[in-house]
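Engineer: Questions regarding the structure given below will be posed in turn.
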Amino acid sequence: METSPPRSGLNKNLLLLHFTVVIWGFTGTLGKLITLTAVDLVWYRVLIAALSLFIYFKFSNTSFRVSRTHLIQFVLNGALVGAHWILFFASIKLSTVAVSLVCLSSITLFTAIFEPLIKKKPGSRLEILAGLLIITGIIMIFKFETQYTKGIIAGLCSAIAASLFAIINSRLIKHHQAKVIAFYELSGAWIWISIFTLTTGGFAHFPVPGIADAGYLLLLGTVCTSVAYVAGVHVMRELSAFRVALITNLEPVYGILIAFVFFGDLNKMTPGFWAGAGVILSTILLYPLVQKRLQRR
């Protein structure tokens, strides 16, 4: 059961999370603009993000020492972070930004399933219902957007990874600062991706980004990753993993609008896509209202 922090602190965290989600809304568009493969893109992204945090620690004289146990936990969780982003960008390149972002909304469903199991607490019927409605919307999209099947599958797998590392972070944040967790998890993601690239012979033909890609990667790695990641982890001190996942699901709203400005993605979508997306987004928006009314009763 989620604790009840002071109202001012709760509102501050909610505003910070919404602001973070707006920043994340640009991630899909940047991923589409960058010409690198999903693995190469994420390798550069987490490297830039980890380096920017390391520079911050050095210039601010901030200690980022942790115990060996927590270090191992952070690095292992970094594997989920890396997998989430690789699958997300792979989904974008296999479909469209809009399809990938809507699939990412299934984080709510997976969090409703996994959080009670991992934290060994009773499940919420309302959360399960919200999750089932979201999966209904995803099934509708599957039915009408068959040309994007591979992209949809990658998007759903990305959501599973995101759900798991968010739940784990909601426990780790009780012991360390968000920026410290972010630094080690992003570094961990870079290590795991480097090992994967090395074992598959990818470094033999590793691409050097051009000027445009380098600019997009710098923006993606600093503002959309290190800054947004720290903020996203920070709010978990007061908000449950499910509530964070629910608000994070507003990312498709911002991301789809941004993608339309750059690519006109909305013109590619069928009525079936919009019906499924409508079910998902309506569930996200109505959930907190229903929850509040039930609490009053």
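Read-outs: derived from the displayed coordinates by stated rules, not from any lab. Remember, it's a predicted structure, so these values are computed and weren't measured experimentally. Glycine gets a Cβ as well: all are built from the backbone with ideal geometry, and neighbour counts include every protein chain shown.
Engineer: Between GLN291 and ARG171, what is the FRET efficiency for a Förster distance of 22 Å, r being their Cβ-Cβ separation, to the nearest 0.05?
Structural biologist: For R0 = 22 Å, the calculated efficiency reads 0.45.
Engineer: Quick check: residue separation of THR35 and SER63 times 0.36 nm, minus the Cα distance between them. What number comes out in nm?
Structural biologist: 6.4 nm
Engineer: Shifting gears a bit: Using a 7 Å offset from the Cα along the Cα-to-Cβ direction at both ILE211 and VAL75, what is the distance between the two label points in nm, to one decimal?
Structural biologist: 4.0
Engineer: Considering only Cα-Cα distances, which of the following residue pairs are longer than 26 Å: LYS121/LYS174; LYS150/LYS174; LYS93/LYS121; LYS121/LYS150; LYS119/LYS150; LYS58/LYS174?
Structural biologist: LYS150/LYS174; LYS93/LYS121; LYS121/LYS150; LYS119/LYS150
Engineer: Under the rule a/c < 1.5 gives rounded, and otherwise a/b versus b/c splits prolate from oblate, where does region 71-201 land using the Cα gyration tensor?
Structural biologist: Since a/c reaches 1.5 but b/c is at least a/b, the shape of region 71-201 is classed as oblate.
Engineer: If each residue of separation counts as 0.36 nm, what is the full-extension length gain between TYR56 and LEU132 once their alpha-carbon separation is subtracted?
Structural biologist: So the chain would gain 23.2 nm between TYR56 and LEU132.
Engineer: Please report, in Å, the Rg and the Dmax of region 155-276, where both are computed over Cα atoms only.
Structural biologist: 17.4, 47
Engineer: Just to be sure I understand the rule: take each whole DSSP H helix in the chain, project its Cα atoms onto its long axis, keep it if the span is 30 Å or more and its mean Kyte-Doolittle hydropathy is at least 0.5. Which ones pass?
Structural biologist: Those that clear 30 Å and a mean of 0.5 are 7-33, 38-60, 68-94, 149-172, 178-199, 271-296.
Engineer: Continuing with this model, one more query. Ratio of Rg to Rh for the chain, alpha carbon only, Kirkwood?
Structural biologist: 0.96
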